[in-house]
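Here the structure comes first, spelled out in structure tokens, and everything after it is commentary.
The values are calculated or read from the model by the stated rules, or taken from the named source; none is laboratory data. Computed from a predicted structure; not experimentally measured. Cβ coordinates were reconstructed from backbone atoms using ideal geometry, including for glycine residues, and neighbour counts include every protein chain displayed. Note: areas computed on protein heavy atoms with side chains; ligands, DNA, RNA excluded. Shrake-Rupley method; radii C 1.70, N 1.55, O 1.52, S 1.80 Å.
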Amino acid sequence: MELGHLVGLTGTPYTFQVDARHIRQFAQAIGDANPLYTDESYAKKTIHGTCIAPLTFPIAVMPDEGEALQLDLDYRRMLHGEQQFIYTRMIRPGDILHCTQQVTDVYEKAGKNGSMEFIVMDTVMHDAEGAHVVTSRTNIIYRPLAT
Amino acid sequence: MLEQATLSIGQVLPAYTKAPVSKVQLVKYAGASGDFNPLHTDDSFAQKIGLSGVVAHGMLIMGFLAEYVEHLAGDIAIVQDFRMRFGAMTFAKDTITCRGVIKELFEKDGKHHAILTLYAEKGPEEIVGSGEAILQF
């Protein structure tokens, strides 16, 4: 395995303030008009009790430019294979999220053009009280370059 | 919106078709998500690597499935886990349809849960992504 050394690699912790405007723009880009994201009086009557962010919003909860975890890999070989969000609770406007990125696993599988490696990277997000909110799990495929 | 009491395993849920993906949408999604890979916004860049033009962010397509799932959850269910595996690429002007099937129903901690199998397809039988969501009622 070429990438086994990456397991355990951890980024600098960062905080991210979730604001209502960002949630609105994220939902608008998707074309998701669900009032759950923007209309507090509607959201109050739902199981959530308050506005929430769209399910894929954690993907936008990134460190500032230049501060992301650097894997130093060949970007031409990287493919976003899978994405998972594991929620303890939904993200809400006003949340201050304390986030850490870490490579949690690397494994290998035989592919058509040689072996491919898979990198599992977690961004774990806790709220200001220290309670878990969501883990965003990205699975990156690292494939041989086409020859 | 789903009604927990009426769900059954294997039940096919109503499909949902999005408006075609537009280039403006890809620029908006780049801004909102912070993913500025030119593959998604710059046709000449995409053509240099042998594609016909810009490719939609995989996460935008997952966002479509999220919209579908949250709509199904309505005001009575919370999505606890949501995952997707990316397949074929989506290009500008492609139209994505979201589909769902009830895979499993179970009770945990006194609460009803449903596992949904999800698909995003462009055109008949052409899957651009498949996934799963766990809903708690």
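Entry remark, the range A:1-51: residues being out of contact with any strand residue (DSSP E or B) (no Cβ under 9 Å at 6 or more places or on another chain), open to solvent by less than 10 Å² (accessible area, probe 1.4 Å) and assigned to a loop (DSSP other than H, G, I, E, B) number 1 in total.
Would you confirm whether any residue within the range B:40-55 is among the β-branched types (V, I, T), more than 7 Å from chain A (Cβ to nearest Cβ) and either over 25 Å from B:V27 (Cβ atoms) or in a strand (DSSP E or B) (or both)?
yes
Return the only residue of A:E117, A:E108, A:E82 being within 14 Å of another protein chain (Cβ to nearest Cβ), closer than 22 Å to A:E2 by Cα, in a strand (DSSP E or B) and of a type in the set (D, E, K, R). Sole residue among the options that is within 14 Å of another protein chain (Cβ to nearest Cβ), closer than 22 Å to A:E2 by Cα, in a strand (DSSP E or B) and of a type in the set (D, E, K, R): A:E82. Checking each residue in the range A:123-147 for being part of a strand (DSSP E or B) and under 19 Å from A:V18 (Cβ atoms) picks out A:T123, A:V124, A:M125, A:H126, A:H132, A:V133, A:V134, A:T135, A:S136. Among the residues of the range B:106-123, those identified as open to solvent by 60 Å² or more (accessible area, probe 1.4 Å) and over 16 Å from the mean Cα position of the chain (by Cα) are B:F106, B:E107, B:K108, B:D109, B:G110, B:K111, B:H112.
In the range B:75-96, of all residues being open to solvent by less than 10 Å² (accessible area, probe 1.4 Å) and more than 7 Å from chain A (Cβ to nearest Cβ), the one that is nearest to the chain's Cα centre (by Cα) corresponds to B:I96. For the range B:6-24, the set of residues classified as touching a residue at least 24 places away in the same chain (Cβ under 8 Å), outside any loop (DSSP other than H, G, I, E, B) and not polar (S, T, N, Q) consists of B:V12, B:Y16, B:K23, listed by residue number. Scanning the range B:56-74 for residues that are small (G, A, S), within 19 Å of A:H80 (Cβ to Cβ) and either open to solvent by less than 10 Å² (accessible area, probe 1.4 Å) or more than 7 Å from every other protein chain (Cβ to nearest Cβ) (or both) returns B:A56, B:G63, B:A66.
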